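I am attaching a structure below and will ask some questions about it afterwards.
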Amino acid sequence: MPNRKPRPAAAAGLAAGLLAALAFGSALGGAPALAQTRADVVVGMALEPPHLDPTAGAAAAIKEVTYANLYEPLTRVDAEGNVVPALARTWTVSEDGLTYRFTLRSGAKFHDGSVCDSADVKFSLDRARATDSVNAQKAYFASIAAVETPDPGTVVVTLSRPDGLFLFHMASGDAAIVAPESASTNKQKPVGTGPFKFDRWVAGDRVVLVRNPDYDGPKPALERVSFRFISDPAAQVAALKAGDVDAFTLFSTYEALPEFRNDPKFTVTVGTTEGETILSTNNARKPFDDVRVRRAMAHAIDRKTLIEGVLYGNGAAIGSHFPPHRAGYVDLTGLYPYDPAKAKALLAEAGLPNGFDTTLRLPPPPYARRGGELVAAMLAEVGIRVKIEPMEWAAWLEKVFKGKDYDLSMIAHTEPLDIDVYGRADYYFNYRNDRFKALDEELNRTQDPAKRNALYGDQQRLLAEDAVNGFLFMLPSVTVQNAKLAGMWANRPIQANDVTGVSWK
Amino acid sequence: MRRLPLSLWLGLTLVALLLAVALLSLVWTPFPADKIRVVARLRPPGAEHWLGTDHFGRDVLSMIMVGARNSLSIGAMAVGLGLVFGVPLGLAAAALGRWGDEILARLGDLVFAFPAVLSAILLTAVLGAGAVNVVLALGLFNAAVLARVTRGAAQAVWRREFVRAALALGREPLSVTLVHVLPNVAGIVTVQATVLFAVAIVNEAALSYLGLGIQPPSPSWGKMLGDAQTHLFTAPLQAVFPGLAIALSVLGLTLLGDGLRDWLDPRHRTSGIL
């Protein structure tokens, strides 16, 4: 699933940003001594969340505000991508991989003062897997057969089939534990168990969280965190320069990075995300149902130029649907080297010596619009005449993602370990391969990490050989931040802006 | 013959220049306008690339030249559509009077209820982005404007004595419209069309800036401005050249329209200075 939700472009973004920058800049600039004792931080984000309930929406921005800060799942993912304890202090897994026994933190409390116990966990999991559930990742909970609560501190989850990713999925924002009393109002007034609690939401501008004094774990260093939403690239740069925001995460104005790198007031980190950016290809549609045509396109795309042109070099090339930083990665970028002559030969072999006409439907993010323009030019070199059709998010989700009405598209798939979508016959690639499905089922039966990685390797090779989609690059996680700020995540193993470990140096 | 007003001269010169650049781009540009060379991106103006290169290393001058052609042809088609539909409708409204007039006027109100850019955005949202739909949307708006202008001018002509005389002599309304009314509204329609041409160029640029207009690889001044926006801090010149191209074209067409009005309007027949 893509990671962006629509938001109308702020037409006066630049002006507003500059004005705000002037106002805030002078206020802060006048008191340099105060900067030493600051206990608040302003984090910039490109998109505003549509609401604040991660269990009821696919928009990444919801999790980027709330994950680990406001809500906690049973397990959670840390900065390095490991699954670590959250609401569950410890857990055990039965031999057959079907029974998970979680022991909860005894002091955990919701922000409204009520105790968080096994009944809340059962409520949350049952709500997420119910037939009328609006959870964006309902599939994460599909393997659950029953949730039992032998005592307030223990939850026993029984699965109907082994699920190798169960603990990982339970660590996602979609699996946040919520209370029955507040679940229906979390969208506007979120109530979780995390180290920060909701203060206020100024629509179109910011969400403010404050430290939760009753948190039963280690208390964060910050008293207050504001997430500011600035969609305009020039306004983002201006806000950073003026000190209006202290850090900007998933910064995508890559052309401005050299400037920030040369300025000692800022630190720029370029980390990894889970965003495999691909040229989505409708495998059911002619001529893309011919593997030779898909391989020809793979040979026609110059990834190096693409990464330079779109990301200004800040990203890794991929040869299949798997991120290079994960264990189990197999480097397949050499399988289809950039070779326009070979591409033309393959097209001729497929009966298309004069190329063909096709349409590329592009969602709004800059990497897609810019990348699409470059890919179209590269395909034109080998005779594939691409008509570009830019689309808004709603139309893209409706037509391309749900309706599967497209030839080509370009999008970053940002869910972690989402290679399994290639086993779903209803997915918008229209890719069907029984061997892939068999590997997927074997993965679900396998707990041993080495064996799992080998299976992931086989899946990657299969997808690359079939050239299912154009495998392009990994979206980088670029953070531009005040050099005095410590503890921001460099990588993005899960959709989150975890600020629980952030402090001023 | 009366001396031409200065504004007309200036307008004619700018528009002729624009036209010349657009025509030249058919046979020659310094580089192919869609030639991408990422390694040569964001070059400042220099000997090789006179106006520098954009974020994909394309030659800005070549893009501006082909962009002129795109702007002019979209503007011409949008105004042409407006003339073909708007003028006959306006003439008919004035000739029919009463019910026919009322219906056409209300239809016009319907179009005017939405600003041109907004209705263009709506249309491209339904039909998809692209040059054809931009022409359709702007053409619709132009038709409404021209119908209204033609109707107003034609109504005034219908009240004149020579028209009444022609009717008294037994001429059919259709023939009166063609022989007497149309020639007398031609001037004001020409002036209005020139101004609408300028408006169409700005609106096309606005739509392309939003990504709804001309699609790559075909260059558009509006898209060039949109692309330049993220480089405002690093390469501010990127925004200057397409911005200048839009401003000069609109200035030229507006001056041309202004000058034409002065020249054609007998009340403005002055001593010859301006």
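The values are calculated or read from the model by the stated rules, or taken from the named source; none is laboratory data. Note that the structure is predicted; figures quoted are calculated from it, not measured. So basically every Cβ, Gly included, is an ideal-geometry build from the backbone, and we count neighbours across all protein chains shown. Keep in mind that these areas ignore ligands, DNA and RNA; they rest on the heavy atoms of the full protein, side chains included. Shrake-Rupley method; radii C 1.70, N 1.55, O 1.52, S 1.80 Å.
Using a Förster distance of 45 angstrom, determine the FRET efficiency expected from the C-beta separation of B:L24 and A:A394, and round it to 0.05.
So the FRET efficiency works out to roughly 0.60.
Let me ask something else about it. For A:K399, list the lysines whose Cα falls under 28 Å from its own Cα; do not include residues on the same chain fewer than 8 positions away.
A:K5, A:K63, A:K138, A:K187, A:K286, A:K387, A:K437, B:K223
Taking amide H positions as placed 1.01 Å from N in the peptide plane, with prolines and chain starts having none, which residues 5 or more places from A:V478, or on another chain, fall under 5 Å of its amide H?
A:L250, A:F251, A:G271
Same structure, new question: With labels modelled as points extended 7 Å from the Cα through the Cβ direction, what inter-label distance (nm, one decimal) is found for A:K286 paired with A:K109?
6.9 nm
Just need log10 I(q)/I(0) for segment B:32-89 at q = 0.15, 0.16, 0.29, 0.31 Å⁻¹, Debye formula, equal scatterers on the alpha-carbon atoms, no solvent, rounded to two decimals.
Those come out to -0.53, -0.56, -1.04, -1.10, one per q.
Would you mind working out the accessible area per residue for chain A, using a 1.4 Å probe, and quoting it in Å²?
Ligands and nucleic acids excluded, the result is 38 Å² per residue.
Tell me what chain A gives for mean residue ellipticity at 222 nm when only DSSP H runs of n ≥ 4 count, each as -39,500 (n - 2.57), the sum divided by the residue total, rounded to 500 deg cm²/dmol.
-8000 deg cm²/dmol
Expressed as a whole number of Å, what is the distance separating the alpha-carbon centroids of segment A:381-423 and segment B:1-54?
A separation of 37 Å, based on Cα centres.
Zone of A:E349 (label point 7 Å along Cα→Cβ, backbone N under 14 Å): which residues in segment A:438-471?
A:465-467
Once the piece of chain linking B:L12 and B:V240 is laid out straight, how much longer is it, given 0.36 nm per residue of separation minus the C-alpha distance between them?
Length gained between B:L12 and B:V240: 79.7 nm.
Could I ask something else about it? Kirkwood hydrodynamic radius, computed over distinct alpha-carbon pairs, for segment A:446-505: how many Å, to one decimal?
With all distinct Cα pairs of segment A:446-505 included, I get 15.2 Å.
Next up: Just to be sure I understand the model, the point goes 7 Å from the Cα along the line to the Cβ. What's the resulting B:W50 to A:K484 distance in nm?
Those two pseudo-labels are separated by 5.2 nm.
OK, next. How much mean residue ellipticity at 222 nm does chain B get from its helices, if each DSSP H run of length 4 or more adds -39500 (n - 2.57) and you divide by all residues, to the nearest 500 deg cm²/dmol?
It comes out at -24000 deg cm²/dmol, rounded to the nearest 500.
Additional query: Based on the Cβ-Cβ distance of B:A125 and B:S73, what FRET efficiency does E = 1/(1 + (r/R0)^6) give at R0 = 22 Å, to the nearest 0.05?
0.40
Something else now. Can you figure out the FRET efficiency of A:E259 with A:D96, using R₀ = 56 Å and their beta-carbon distance, to the nearest 0.05?
About 0.50, to the nearest 0.05.
What number results when the radius of gyration of the protein assembly as shown, computed over Cα atoms, is divided by 2.2 N^0.38 Å?
The protein assembly as shown yields a ratio of 1.13.
On a full-extension model of 0.36 nm per residue, what is the gain between A:D40 and A:A327, subtracting their alpha-carbon distance, rounded to one decimal in nm?
Working it through step by step, the gained length comes to 99.7 nm.
Okay, next question. Counting Lys +1, Arg +1, Asp -1, Glu -1, what net charge surrounds A:D132 among other residues with beta carbon under 13 Å of its beta carbon?
Computed value for this residue: +2.
Report, by chain and number, residues whose modeled amide H sits under 5 Å from the one on A:M410, excluding near sequence neighbours (fewer than 5 apart, same chain).
Amide H neighbours of A:M410: A:S280.
Moving on. Sum up the charges of everything whose Cβ sits under 12 Å from the Cβ of A:T269, counting Lys and Arg as +1 and Asp and Glu as -1, but leave A:T269 out.
Within the 12 Å Cβ shell, the charges total +2.
Which whole-Hz couplings ³J(HN,Hα) result when phi for each residue of segment A:146-159 is put into the Karplus expression 6.51 cos²θ - 1.76 cosθ + 1.60, θ = phi - 60°, listed in order with x for Gly and Pro?
Karplus values, whole Hz, x for Gly and Pro: 7, 10, 10, 10, x, 8, x, x, 10, 10, 10, 9, 9, 9.
Mind jotting down a quarter of the surface of the convex hull over the alpha carbons of segment B:51-209, in square nanometres, one decimal?
Average projection, Cα convex hull of segment B:51-209: 10.8 nm².
Explain nothing, just compute: Karplus ³J(HN,Hα) = 6.51 cos²θ - 1.76 cosθ + 1.60, θ = phi - 60°, for every residue of segment B:117-133 in order, whole Hz, x for Gly and Pro.
Per-residue couplings from phi come out as 5, 5, 5, 5, 5, 4, 5, 5, 5, 7, 8, x, 6, x, 4, 4, 5 Hz.
How big is the A/B interface in buried accessible area, both sides summed, 1.4 Å probe, to the nearest 100 Å²?
1800 Å²
Let me ask another. Could you work out which residue, out of B:S73, B:S175, B:S218, moves most in a Gaussian network model of chain B, that is, has the largest mean-square fluctuation with Cα springs under 10 Å?
So, out of B:S73, B:S175, B:S218, the one fluctuating most is B:S175.
Let me test this: with uniform point scatterers at the alpha carbons of segment A:276-474, what is the Debye-based log₁₀ I(q)/I(0) at q = 0.10, 0.12 1/Å?
Debye output, listed in q order: -0.39, -0.57.
Could you tell me what percent of the accessible area of segment A:71-179 is made up of carbon and sulfur, with a 1.4 Å probe and every protein chain present?
Answer for segment A:71-179: carbon and sulfur cover 53 percent of the accessible area.
Kindly tabulate the residues in segment B:230-244 with an accessible-area decrease of at least 10 Å² between the chain alone and the assembly of all protein chains, using a probe of 1.4 Å.
So the qualifying set is B:T230, B:H231, B:L232, B:F233, B:T234.
Taking amide H positions as placed in the peptide plane 1.01 Å from N, state which residues far from A:R76 in sequence (5 or more) or on other chains have amide H under 5 Å from it.
Sorted by chain and number, the residues that satisfy this are A:V84, A:A86.
Moving on to the next point. Distance between the C-alpha centers of segment A:438-475 and segment B:104-149? Whole Å please.
51 Å
Sticking with this structure for a sec: A drop of at least 40 square angstrom in accessible area, chain alone versus all protein chains together, probe 1.4 Å. Which residues of segment A:308-350 meet that?
The answer is A:Y312 - residues whose exposure falls by at least 40 Å² when every protein chain is included.
Could you give the accessible area per residue of chain B, probe 1.4 Å, as a whole number in Å²?
On a per-residue basis, 50 Å².
Tell me the label-point distance for the pair A:R435, A:S503, using the 7 Å Cα-to-Cβ offset, in nm and rounded to one decimal.
Placing both labels 7 Å beyond Cα along the Cβ direction yields 5.3 nm.
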